[in-house]
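Everything on this sheet refers to the single structure shown next.
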Amino acid sequence: MRLVELQLNHFRNYEELFLEFGKGVHIFIGENAQGKTNLMESIYTLAMTKSHRTNQDRELIMWNEDTATIKGKVEKKISNIPLEIRFSNKGKIGRVNHLEQKKLSSYLGQLNVILFAPENLELVKGAPANRRKFMDMELGQMNPIYLHELVEYQRLIKQRNHYLKQLAIKKSSADLYLEVLTEQVIEKATAILNHRLEFMEQLEALARPIHEQISLGREEFSLKYQTSLSIEKGMSQDEVKELYQKQFEAVQKRELEQASTLVGPHRDDLIFYLNDKPVQNFGSQGQQRSTVLSLKLAEIELMNIATGEYPILLLDDVLSELDDDRQTHLIKAIENKVQTFITTTSLDGIRKQFINEPIVYPIHQGQVQ
């Protein structure tokens, strides 16, 4: 797939903008604070319905304006699809083929993107929440069923936590309603866990040879999904549910004391290893960057396998973070098959990577020259 048109209205520092894109590599170049990353953010937001830079949608709307709109046209193998996301003080609306979507979850997956930015290093060395978000965002693009299960699970966790708080205030013990909520949580938790484990197995299989090539055979990549359950390969769904049930029974007293759900995928983690050592604890900065690069390249291939089309790649000021060898691996991996958008303050160190006929867009004060 590729993004063939992008139109902005009152988005960040862009009052009006219309761009058309072809295949290949597109480079947004300019000094800092001119709007390069805002432009990249608009593409990401068009795909994901939310920004990767802020949780406050109001920040996306230009100062002194009431609404911001991002429109795009996506070319797929079968047809071209118009997309639109509109932000206002009342919330946001997503349209696909000019039809408003009742749920934004129905919008996702129309434009698939992989973002690679300096903050992605937090994927390796940051908090577990970063890695859970990574799994949810990538799986959500590829698998609408997972996204539906996740939304329902998050709703149930919120509902269960609220009820635990009520019980704590009343100093009451567990009751039938809490048991019903727990059963519903276990049902969704089991489905989410199953999707995640399958995703991680596929991702590891793709990332392992990629990392071996990047490290010139010196490092073996592996990953482990960390959950509180003692899961064994080949376990049935019913067996997993039984494990969850036992865990909830074991922590019930603490849950009532803390008014919080202490078991489930919302507390799981993902650990990356090089030569059987956790990268988070023992990896150098170079190894951490290589790990993220391997994951991103594996994501691209996995998304193509899952959807039948390559995603769009967004490289937000990241080439400067990679040495020449890692840049070369990245460029060779995407060459001639992935539409790519790059932001940079300088073309130095990029042209020598032999990008095939990149299209360069100079950006100054919210204007594309």
Q) Which FRET efficiency, nearest 0.05, do Leu197 and Glu31 yield, Cβ-Cβ r, R0 45 Å? A) 0.50
**Q.** Within the chain, longest stretch clear of exposed chymotrypsin sites (Phe, Trp or Tyr not before Pro) (DSSP loop, no more than 10 other Cβ within 10 Å)
**A.** 64-353
Q | In nm, spacing of pseudo-spin labels at Ile81 and Asp66 (7 Å Cα→C-beta vector) | A | 3.1
Q: Determine the gain in length on full extension of the stretch Arg155-Leu262; use 0.36 nm per residue of separation and subtract their C-alpha separation, reporting nm with one decimal.
A: 37.0 nm
Q) Rounded to the nearest 500, what is the chain's calculated 222 nm mean residue ellipticity when only DSSP H runs of at least 4 contribute -39500 (n - 2.57) each, over all residues? A) -14500 deg cm²/dmol
Q. List the GluC sites (Glu not before Pro) in the stretch 267-325 that DSSP assigns to loop (not H, G, I, E or B) and whose Cβ has at most 16 other Cβ atoms within 10 Å. Which are they?
A. Glu309
Q: Check each of the trypsin sites (Lys or Arg not before Pro) in the stretch 40-139 and keep only those in coil by DSSP with at most 15 other C-beta atoms within 10 angstrom; list them in order.
A: Lys76, Lys77, Lys90, Lys102, Lys103
Q) What does the charge dipole of the chain about its Cα centre add up to, to the nearest 20 debye, if the Cβ of each Lys and Arg holds +1 and the Cβ of each Asp and Glu holds -1? A) 700
Q: Count the lysine pairs in the stretch 135-307 whose Cα atoms lie under 26 Å apart, taking only pairs 8 or more positions apart in sequence or on different chains.
A: 29
**Q.** Cα-based equivalent ellipsoid of the chain: semi-axis lengths in Å, sorted from largest, via gyration tensor
**A.** 37, 27, 18
Q: Report the one residue of Ile214, Ala191, Leu302 whose Cα lies farthest in the direction of the positive end of the charge dipole of the chain (charges on C-beta: Lys and Arg +1, Asp and Glu -1; origin at the Cα centre).
A: Ala191
Q) Are there trypsin sites (Lys or Arg not before Pro) in the stretch 180-250 that DSSP marks as loop and that have at most 16 other Cβ atoms within 10 Å, and which are they? A) Arg218, Lys233
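Readers should treat all values here as calculations from the given coordinates under stated rules, not as data from a laboratory. Just so it is clear, the model here is predicted, and its values are computed rather than measured. Every residue, glycine as well, gets a Cβ built from its backbone with ideal geometry; the counts of neighbours run over all protein chains shown.
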